[in-house]
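J.: The structure's right below; bear with me while I get my questions together.
The values are calculated or read from the model by the stated rules, or taken from the named source; none is laboratory data. Bear in mind the structure is a predicted one, so any value in this text is a computation, not a measurement. Here the Cβ is made from the backbone with ideal geometry for all residues, glycine too, and neighbour counts use every protein chain on show.
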Amino acid sequence: MSTTLAMMSFLTSVLMVLFLLVAVLLILVILIQKGKGGGLGAMFGGMGASSLLGSKTGDVLTWITIGLVATFLVLGVLLDKTLKVQARQAPSAPPAASAPSGSPETPAPEAPASTEQPAAPAAPAAPESAPAQNP
């Protein structure tokens with residue numbers, strides 16, 4: 001069981017690295033595509049991408065993008081499946097032992113209730129009435 005869990009952990013790590021690489025490549029390919037405003041390719045000299053890959057650059061980048069998106073989705077599903085299998089195979093945590101007294105998990109004992117009545121608040125002083133002045 002330990003060997004299988006170690007193998008699943010290695011597979012999960014490899015899938016995560018591939019997933020991140022495909023995500024970064026997908027971002028870069030999308031950014032160099034020419035859109036209505038020229039995209040990021042216009043920022044680096046305008047026609048550099050089309051002269052590098054030819055006049056059908058849009059078609060090539062579109063197919064690369066579609067391939068990367070498909071790879072991204074497949075890797076995402078595989079990563080999800082391996083994480084679920086790994087979670088099922090992982091040994092469950094042992095049951096918690098009873099905590100010693102005075103630990104934060106045990107509630108503090110309540111103080112005994114007092115039988116004394118709290119002192120009544122002092123009544124507010126009556127405002128002095130000022131003599132009315134007639135004009």
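J.: What are the residue pairs meeting all of these: first residue in region 59-81, first residue closer than 18 Å to Leu31 by Cα, second residue outside any helix (DSSP H, G or I), Cβ atoms under 8 Å, and 6 or more apart or on different chains?
T.: Qualifying pairs under 8 Å: Val60/Gly54; Leu61/Gln33; Thr62/Gln33; Thr65/Gln33.
J.: Could you list, in sequence order, all residues of region 61-88 that are under 18 Å from Ser9 (Cα atoms) and among the aliphatic types (A, V, I, L, M)?
T.: Across region 61-88, the qualifying residues are Leu75, Val77, Leu78, Leu79, Leu83, Val85, Ala87.
J.: Here is a follow-up. Give me the pairs, please: first residue somewhere in region 20-49 and closer than 30 Å to Val77 by Cα and at pLDDT below 95, second residue anywhere and exposed (fewer than 12 other Cβ atoms within 10 Å of the Cβ) and not aliphatic (A, V, I, L, M), beta-carbon distance under 9 Å, and either six or more positions apart or on two chains.
T.: Ile32/Phe44
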